[in-house]
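**Student:** Here's a structure for you.
The values are calculated or read from the model by the stated rules, or taken from the named source; none is laboratory data. These numbers were taken from a predicted model, which means no experiment stands behind them. Here the Cβ positions follow ideal geometry from the backbone for every residue, glycine too, while neighbour counts run over all protein chains shown.
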Amino acid sequence: MSQISPDAFAIAEDGVDPGAVPQRLLHTGARMPAIGLGTFGSDHTPGALVAEAVVGAAAVGYRHFDCAAVYGNEAQIGGALRRVIAGGIAREQLWVTSKLWNNRHNPRDVRPACEQSLRDLGLDHLDLYLIHWPFPNHHAPGVDVHARNPDARPYIHERYMATWQELERLVDAGLVRHIGTSNMTISKLELLLRDARIRPAANEMELHPHFQQPELFAYVVANGIAAIGYSPIGSPARPERDRTAEDTVDIEDPVVVAIAERLGVHPAVVCLKWAVQRGQTPIPFSTKRANYLANLRGVVGEPLSDDEMRAIAGIDRNCRLIKGQVFLWKENQRWEDLWDLDGVIAQ
Ligand SMILES: NC(=O)c1ccc[n+]([C@@H]2O[C@H](COP(=O)([O-])OP(=O)(O)OC[C@H]3O[C@@H](n4cnc5c(N)ncnc54)[C@H](OP(=O)(O)O)[C@@H]3O)[C@@H](O)[C@H]2O)c1
């Protein structure tokens with residue numbers, strides 16, 4: 001049951017004109033707003049609060065929402081979307097993404113999983129449906145990074161393609177407009193692009209000033225795939241289990257802080273301006289109106305200078321925050337084994 005308050009939806013006077021928000025042109029000719037609202041409340045933000053943020057964000061001009069079945073809040077977000085649509089925002093003006101969780105890769109599970117997300121979100125189609133991780137290894141949300149599933153497996157391309165072919169059928173059936181990937185590497189994408197009937201429209205990947213993934217970013221751009229950047233602010237509120245001693249903090253970086261001071265904005269806004277100007281689509285999470293409004297205003301406001309863009313390009317620390325340890329499938333593996341660093345898919 002949605003816990004959304006029954007208040008009518010109304011466009012905010014201090015919001016941003018959605019027509020002014022940059023758009024990404026996808027290989028199908030469709031346009032996707034170049035900033036979206038993240039909806040992963042992790043352990044700390046109840047679904048009702050995230051759903052309220054969806055309504056508030058739509059009121060200030062957001063049209064793109066990044067959802068996933070595993071976030072456990074799609075039914076509440078569905079209540080929010082119904083309120084937004086009933087309030088006068090046409091469904092075609094919204095861009096809604098959802099993701100297939102790792103325990104539903106079996107081909108016979110794909111369509112029911114997608115239909116469940118559609119029911120929860122109250123929609124008859126998704127704009128984008130992603131395979132959330134390239135590993136079918138299920139783990140319960142919120143488990144410690146040392147948790148391992150005894151049935152865990154490496155990436156097996158034939159199995160991934162069997163899942164992908166079901167996503168292609170979702171496009172054929174009109175349930176989803178675009179399909180895409182998340183947490184992929186160049187090695188895995190090369191195989192997918194070789195074998196796919198319907199190409200991925202987008203790849204969702206971790207992207208922030210301290211983790212710019214220049215090779216993967218260039219690869220997806222060169223192949224006409226939109227790069228959607230998750231944790232674009234460096235996920236400052238991520239849970240303890242996702243932190244290590246080596247992690248660095250983007251919003252404390254002196255280069256980011258100096259630009260923020262020049263513009264009179266929070267360093268988070270600088271991360272988002274950089275992301276949109278670089279050509280990726282950030283999906284920042286916030287449930288605070290002042291913050292999500294500042295983030296949207298940031299990407300339509302004064303751009304960073306070429307010198308500032310170059311300065312941020314120079315602060316990459318190769319600092320991956322979401323390392324994926326729970327997907328490891330053998331003893332004595334390192335999280336780096338998940339990311340094909342030497343170009344070989346580990347088995
Ligand atoms: N595909 C995947 O595997 C994957 C993985 C991780 C995340 N994601 C997606 O990416 C989204 C974003 O990533 P994330 O949630 O990890 O991190 P993030 O967007 O980098 O950071 C979110 C944090 O930044 C704060 N914040 C936002 N705007 C701010 C502002 N203007 N000033 C100050 N603080 C601000 C928020 O706090 P307040 O709420 O207090 O504003 C929140 O704590 C997720 O919600 C999810 O949709 C996808």
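**Student:** Looking only at segment 201-214, decide whether some residue is more than 14 Å from the ligand (Cβ to nearest atom), surrounded by fewer than 23 Cβ atoms within 10 Å (Cβ to Cβ) and of a type outside the set (S, T, N, Q).
**Tutor:** Looking through segment 201-214, at least one residue is more than 14 Å from the ligand (Cβ to nearest atom), surrounded by fewer than 23 Cβ atoms within 10 Å (Cβ to Cβ) and of a type outside the set (S, T, N, Q).
**Student:** Separate question: Which residues, counting only those in segment 251-271, are hydrophobic (A, V, I, L, M, F, W, C), free of Cβ contacts under 8 Å to residues at least 24 places away in the same chain and closer than 14 Å to residue 234 by Cβ?
**Tutor:** Of everything in segment 251-271, those that are hydrophobic (A, V, I, L, M, F, W, C), free of Cβ contacts under 8 Å to residues at least 24 places away in the same chain and closer than 14 Å to residue 234 by Cβ turn out to be 251, 257, 260.
**Student:** Scan segment 289-315 for residues that are over 22 Å from the mean Cα position of the chain (by Cα) and polar (S, T, N, Q) and jot them down. I'd like the intermediate steps shown before the answer.
**Tutor:** Pass one, segment 289-315, residues over 22 Å from the mean Cα position of the chain (by Cα): 301-311, 314-315.
Result: 305, single match.
**Student:** Residues being within 12 Å of the ligand (Cβ to nearest atom), of a type in the set (A, V, I, L, M) and under 19 Å from residue 34 (Cβ atoms): count how many of those fall in segment 288-316.
**Tutor:** To start, the set of residues in segment 288-316 that are within 12 Å of the ligand (Cβ to nearest atom) comprises 288-299.
Then drop every residue that is not of a type in the set (A, V, I, L, M), which leaves 290, 293-294, 296, 299.
From what is left, the residues that are under 19 Å from residue 34 (Cβ atoms) are 293-294, 296, 299.
The total comes to 4.
**Student:** Residues that are surrounded by 23 or more Cβ atoms within 10 Å (Cβ to Cβ) and in contact with a Lys or Arg (Cβ under 6 Å, 6 or more places away or on another chain): does segment 221-229 have at least one?
**Tutor:** Yes, some residue in segment 221-229 is surrounded by 23 or more Cβ atoms within 10 Å (Cβ to Cβ) and in contact with a Lys or Arg (Cβ under 6 Å, 6 or more places away or on another chain).
Residues are listed down the side, and each one gets a yes or a no for (1) crowded, with 19+ Cβ neighbours inside 10 Å; (2) touching a residue at least 60 places away in the same chain (Cβ under 8 Å):
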{"position": "276", "(1), (2)": "yes, yes"}
{"position": "285", "(1), (2)": "yes, yes"}
{"position": "290", "(1), (2)": "no, no"}
{"position": "308", "(1), (2)": "yes, no"}
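**Student:** Also: Identify, by number, the condition in (1) part of a loop (DSSP other than H, G, I, E, B); (2) surrounded by fewer than 20 Cβ atoms within 10 Å (Cβ to Cβ); (3) within 16 Å of the ligand (Cβ to nearest atom) that residue 28 doesn't meet.
**Tutor:** Residue 28 satisfies all of (1) part of a loop (DSSP other than H, G, I, E, B); (2) surrounded by fewer than 20 Cβ atoms within 10 Å (Cβ to Cβ); (3) within 16 Å of the ligand (Cβ to nearest atom) except (3).
**Student:** In segment 167-175, is there at least one residue being part of a helix (DSSP H, G or I), within 16 Å of the ligand (Cβ to nearest atom) and closer than 28 Å to residue 41 by Cα?
**Tutor:** Within segment 167-175, the subset part of a helix (DSSP H, G or I) is 167-172.
Right, trim to within 16 Å of the ligand (Cβ to nearest atom) and you get 167.
Now drop any that are not closer than 28 Å to residue 41 by Cα, which leaves 167.
Scanning segment 167-175, I find at least one residue that is part of a helix (DSSP H, G or I), within 16 Å of the ligand (Cβ to nearest atom) and closer than 28 Å to residue 41 by Cα, so the answer is yes.
**Student:** Continuing with this model, one more query. Kindly list, by first and then second residue, each pair from a residue in segment 74-97 that is over 12 Å from residue 9 (Cβ atoms) to a residue that is modelled with pLDDT under 95 and not in a helix (DSSP H, G or I), limited to pairs with Cβ atoms under 8 Å and residues at least 6 apart or on different chains.
**Tutor:** 75/1; 75/2; 76/2; 76/3; 76/4; 78/2
**Student:** Select from segment 272-287 the residues that are in a loop (DSSP other than H, G, I, E, B), within 11 Å of the ligand (Cβ to nearest atom) and closer than 19 Å to residue 25 by Cα and list them in ascending order. Show your work before the answer.
**Tutor:** Let us first name the residues in segment 272-287 that are in a loop (DSSP other than H, G, I, E, B), namely 279-280, 283-284, 286-287.
This time we only want the ones that are within 11 Å of the ligand (Cβ to nearest atom), so: 283-284, 286-287.
Passing the criteria: only 283.
**Student:** Which of the residues belonging to segment 208-261 are among the β-branched types (Val, Ile, Thr) and at pLDDT 95 or above?
**Tutor:** Quick first cut of segment 208-261, residues among the β-branched types (Val, Ile, Thr) only: 220-221, 225, 228, 233, 244, 248-249, 251, 255-257, 259.
Within segment 208-261, 220, 221, 225, 228, 233, 248, 249, 251, 255, 256, 257, 259 meet the criteria.
**Student:** Show the residue pairs that are 6+ apart or on different chains and have beta-carbon atoms under 6 Å apart, the first residue being within segment 187-212 and under 26 Å from residue 172 (Cα atoms), the second being of a type in the set (A, V, I, L, M, F, W, C) and in a helix (DSSP H, G or I).
**Tutor:** Pairs that qualify, where the first residue is under 26 Å from residue 172 (Cα atoms) and the partner is of a type in the set (A, V, I, L, M, F, W, C) and in a helix (DSSP H, G or I), are 195/161; 198/171; 203/220.
**Student:** List the strands (runs of 3 or more DSSP E) that sit entirely inside segment 179-267 and contain at least 2 residues that are closer than 27 Å to residue 154 by Cα, among the polar types (S, T, N, Q) and in contact with a strand residue (DSSP E or B) (Cβ under 8 Å, 6 or more places away or on another chain).
**Tutor:** Details: elements: 179-182, 202-206, 226-230.
The strands (runs of 3 or more DSSP E) meeting that bar are 179-182.
**Student:** Within the bounds of segment 279-288, is there any residue that is farther than 24 Å from residue 11 by Cβ, within 17 Å of the chain's Cα centre (by Cα) and either modelled with pLDDT of 95 or more or not small (Gly, Ala, Ser) (or both)?
**Tutor:** Start the filter on segment 279-288 by keeping residues that are farther than 24 Å from residue 11 by Cβ, which leaves 279-280.
Filter once more, keeping what is within 17 Å of the chain's Cα centre (by Cα): 279-280.
Narrowing the set further to residues that are either modelled with pLDDT of 95 or more or not small (Gly, Ala, Ser) (or both) leaves 279-280.
The answer is yes; a qualifying residue exists.
**Student:** It is to be established whether one or more residues within segment 94-112 are over 19 Å from residue 18 (Cβ atoms), under 18 Å from the mean Cα position of the chain (by Cα) and of a type in the set (Asp, Glu).
**Tutor:** Scanning segment 94-112, I find no residue that is over 19 Å from residue 18 (Cβ atoms), under 18 Å from the mean Cα position of the chain (by Cα) and of a type in the set (Asp, Glu), so the answer is no.
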